[in-house]
2 protein chains.
Amino acid sequence: MKIALIGGSGHYRYALDALSEQNLVGIAPGVPGEDLTKLKKALASRGIAAREYADPRALLPLADVAVVNTRFDKNAEISIEYLNENKFVFSEKPLATAREDLEKLETANAASRAFVAGMFGIRFSPWFRTVQKHLGEIGDLRLVTAQKSYKLGERPGFYRRRETFGGTIPWVAIHAVDWIQTLLKGDPLSVVSALHRADGEGPEICAEMLMRSASGVLAAVTADYLRPAGAPTHGDDRIRVVGTKGVLEAVGGVVTLTDENGETTLPPEPGEDVFRLFLRRCGGEEIGVTPEESFLATRLALTARDLADGGAK
Amino acid sequence: MKIALIGGSGHYRYALDALSEQNLVGIAPGVPGEDLTKLKKALASRGIAAREYADPRALLPLADVAVVNTRFDKNAEISIEYLNENKFVFSEKPLATAREDLEKLETANAASRAFVAGMFGIRFSPWFRTVQKHLGEIGDLRLVTAQKSYKLGERPGFYRRRETFGGTIPWVAIHAVDWIQTLLKGDPLSVVSALHRADGEGPEICAEMLMRSASGVLAAVTADYLRPAGAPTHGDDRIRVVGTKGVLEAVGGVVTLTDENGETTLPPEPGEDVFRLFLRRCGGEEIGVTPEESFLATRLALTARDLADGGAK
C-alpha cells in the first residue's frame, strides 16, 4: 500500500508507526500555506525523508491510501477526490464540518470501490478496550456519561472561525459520541439536546449533549477547553458506564468495576493501532473500522452543534 | 421553639441533633398507616420518649415549627396547614410533587408570618462547603456537572407510584440542582432538557438534565439508583465545577483544586447543621436558608421531570 499524507493539522500521528520511506509516497499541504513543520519533524525523527508536494492532487495518482488531516473544513473535499479515484481515505474526524459536505462524502463513499474511515483512535486505547472487555459484567446498559477536557494552549488561527474549525462538539465531543456508539453495539443513538458556550475568539470553550438510544439508554457528554495549564496531563478523558448489575468507570486511564463484590481496579487490556486496523480493512478484513460508524458519529455531532447554536445563543 | 415531627418517610434525621424532650411536642404520621418505626427508634436511642398523635393536625396548636417528611405527595398539603397558622415548616424536598401544589404552597408562604424551607442538607456538608469556599479561585464559572447515584435497596411501596413518589428528578436530582443554584449565587438557572428511564415498578432508575444559567453557565446533572449493592458507600455524590482559571472537583467527599499550580487536595471545611440554621432563621437571622431557593429548586425539578416525561416515553 502506497500512502499519501495530506495536511499536518490533525492526528497524522496515528499513521506514523506504519509509515516508512518505502510506503510513504509524499506529503502535501491540504490548503496553501498549511504549516507542516511538526509533521516533517515527526517524520525526520523517524528517519523518513518525505517528498513534499505543493498540491494534494499531485499525490492522487501515486497513492493507494490518503491520510487526510488538513484544515478541518477541507477534509471532506479532499476525501471525496480520493474516493472518486477509488483510493482509501483515513480521515481526520469529523469527516465533514458541514452537513451538505457530509452528504456528498457519503455519496462518494457509496460509489467508490474504496472507503473512508475516521481517526477515532481513542476507542482503541487500553482504557477503552478495558471498558469494552468488561461490558458484559455490568448487566444491561442504562446510563453512560463521558467527559472530554483539554488544555486550550496555542491553537492554529483557523480554530477561531466556525467555518474552518467546525465547532468543539464535532472536533472534541465527537470522540465521546464514538465511545458511546461503540458500547451501544448498533443500538442507534440520537441527540436530544445540546448546548455550547463561546468566549470571544477561539473554539467554543465548553459544550454538553444529552442523548438517548433507541432502546432507552441515556447518555450525556461534556467537552471543554478549560483544563488548567498546571494539570498533570493534556487531556482528562473519562467515561462512566452504568448497567443494571455494575458500573464501569475510566478516569486517568484507570478502569474500575463496581459490582456486588465491591470496587475492583481492572488490569489494562492492550491497546490497538487504529491506522494498522484501517490498513487491514483496506486489505479486506472485516475488523470494524467502518465508514458507517464514522458517518454516524459525524452526523450526530453536527446535529448537536446545530442544536446548540439554536439553543445557546 | 416547640417542634412537631410529622411523618417518618424522609430526612427527619436532619432535625434529630436539635431535638429534646423539652422542645419536641409530639410526632404524628402524615398519612394514616405511615410507618414511624425507624423514627421512634432513632428518638428512643437519643433518650427521647415522644408523644405520638394519630392526626398531624392535633400537633398544630402545640408547635411553633413543623418538621414535615411524610409520603412525598402530602408534604405540601401539611406545610400549607402549618403556614396558614403562622407556623414555620422545615419540609422534605421537593416542597411539592405537583406544580399546582407548589403554587398553593408559595401563596401560603407569601401570606404567612412564618415560612417554609426545604431539607437541602447536603449543601452544608463539609465537601460542598469546601467547594464553596474555594469557588473564587477558579475564575469565572463556565460549566458544572453533578452526579447523584444511590443504591436502590428496599424502598417503601409509595416509591412505586409517580403520584405518591413524585419522580427521581424531584426526589434525587433536586439536590444537584440545589448545589448548582447555590454556586451560581442568584444567576438564574433554567432547564433545557431532561430524560429519565423507568424499569418496571419503582422509581425511575436513571435521569439526566441539561441546564443553562442566564449568564451562560452550562450545567448537567445525572441521577441514578444503579449504585451496586457491593459499593463501599450508599451514595456517590460528585460535582465538577469548571471555571476560566481552575477546576474544583468533589468525589467521595474529597475536594481537589486543579489550577496553574497543578492538583491540590483541599483541607475540608467544617459542615453545618441545616436544621439549626433553619431554626436561627426562624429567629430572624438572615442566614440563607430561604423559602425562595427551595421553591426555585423544586420548580426546576418539576419542570425537568415533566420535560423528561414528554421526551423519554
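The values are calculated or read from the model by the stated rules, or taken from the named source; none is laboratory data. No experiment lies behind these values; they were computed from the predicted model shown. Cβ atoms come from the backbone with ideal geometry, glycine included; neighbour counts cover every protein chain shown. For accessibility, only protein heavy atoms count, side chains too; no ligands or nucleic acids. Shrake-Rupley method; radii C 1.70, N 1.55, O 1.52, S 1.80 Å.
Return the residue satisfying two criteria in turn: it lies in the stretch B:167-216 and is of a type in the set (A, V, I, L, M, F, W, C) and open to solvent by 30 Å² or more (accessible area, probe 1.4 Å), and of such residues it is nearest to the other protein chains (Cβ to nearest Cβ).
Top of the filtered list is B:V192.
Mind listing whichever residues of the stretch A:187-203 are in contact (Cβ under 8 Å) with a residue 40 or more places away in the chain and either touching a helix residue (DSSP H, G or I) at 6+ places or on another chain (Cβ under 7 Å) or of a type in the set (K, R) (or both)?
Across the stretch A:187-203, the qualifying residues are A:L189, A:V191, A:S193, A:A194, A:L195, A:H196, A:R197, A:E201, A:G202, A:P203.
Scan the stretch A:155-174 and report the pairs whose first residue is among the basic types (K, R) and whose second residue is open to solvent by less than 10 Å² (accessible area, probe 1.4 Å) and assigned to a helix (DSSP H, G or I), with Cβ atoms within less than 9 Å and a gap of 6+ or a chain change.
Hits for this filter: A:R155/A:F165.
Going by the conditions given, is A:I138 touching a His at 6+ places or on another chain (Cβ under 6 Å), open to solvent by less than 30 Å² (accessible area, probe 1.4 Å) and either small (G, A, S) or over 30 Å from B:A214 (Cβ atoms) (or both)?
Working: touching a His at 6+ places or on another chain (Cβ under 6 Å): no; open to solvent by less than 30 Å² (accessible area, probe 1.4 Å): yes; either small (G, A, S) or over 30 Å from B:A214 (Cβ atoms) (or both): yes.
Judged against the criteria, A:I138 is not a match.
Identify all residues within the stretch B:143-166 that are open to solvent by less than 20 Å² (accessible area, probe 1.4 Å) and among the hydrophobic types (A, V, I, L, M, F, W, C); write none if there are none.
Once the filter is applied, which keeps residues that are open to solvent by less than 20 Å² (accessible area, probe 1.4 Å) and among the hydrophobic types (A, V, I, L, M, F, W, C), the stretch B:143-166 yields B:L143, B:V144, B:A146, B:F165.
Would it be correct to say that B:S125 is touching a helix residue (DSSP H, G or I) at 6+ places or on another chain (Cβ under 7 Å) and surrounded by 17 or more Cβ atoms within 10 Å (Cβ to Cβ)? Can you show your working first?
Details: touching a helix residue (DSSP H, G or I) at 6+ places or on another chain (Cβ under 7 Å): no; surrounded by 17 or more Cβ atoms within 10 Å (Cβ to Cβ): yes.
Here the answer is no, as B:S125 does not meet what is asked.
Within the set of pairs 6 or more residues apart or between chains, which connect a residue that is more than 9 Å from chain B (Cβ to nearest Cβ) inside the stretch A:135-150 to a residue that is among the acidic types (D, E) and open to solvent by 10 Å² or more (accessible area, probe 1.4 Å) with Cβ atoms less than 7 Å apart?
A:E137/A:D259; A:K148/A:D237
Any idea how many residues of the stretch A:185-213 are in a loop (DSSP other than H, G, I, E, B) and of a type in the set (V, I, T)? If you could, list the steps in order and put the result at the bottom.
Step one: of the stretch A:185-213, the residues in a loop (DSSP other than H, G, I, E, B) are A:185-188, A:198-205.
Checking the rest, the ones that are also of a type in the set (V, I, T) come to A:205.
Qualifying residue count, the stretch A:185-213: 1.
Tell me, which strands (runs of 3 or more DSSP E) wholly within the stretch A:225-313 include 1 or more residues that are open to solvent by 50 Å² or more (accessible area, probe 1.4 Å)?
Values: elements: A:238-243, A:247-251, A:254-259, A:262-265.
By residue number, A:247-251, A:254-259, A:262-265.
Tell me, please, whether a residue that is closer than 30 Å to B:R197 by Cβ, at the interface with another protein chain (Cβ under 9 Å from one of its Cβ atoms) and in contact with a Pro (Cβ under 7 Å, 6 or more places away or on another chain) can be found in the stretch A:261-277. Full working, then the answer.
Initially, the stretch A:261-277 is screened for residues closer than 30 Å to B:R197 by Cβ, giving A:261-266, A:269.
Add one more test, that the residue is at the interface with another protein chain (Cβ under 9 Å from one of its Cβ atoms), and what stays is A:261-263.
Filter again for in contact with a Pro (Cβ under 7 Å, 6 or more places away or on another chain), leaving A:262-263.
Scanning the stretch A:261-277 turns up at least one residue that is closer than 30 Å to B:R197 by Cβ, at the interface with another protein chain (Cβ under 9 Å from one of its Cβ atoms) and in contact with a Pro (Cβ under 7 Å, 6 or more places away or on another chain).
If you check every pair at least six apart or on different chains, which have Cβ atoms under 8 Å apart with a residue in the stretch A:226-239 that is of a type in the set (S, T, N, Q) first and a residue that is open to solvent by 20 Å² or more (accessible area, probe 1.4 Å) second?
Listed pairs, sorted by first residue: A:T233/A:G252.
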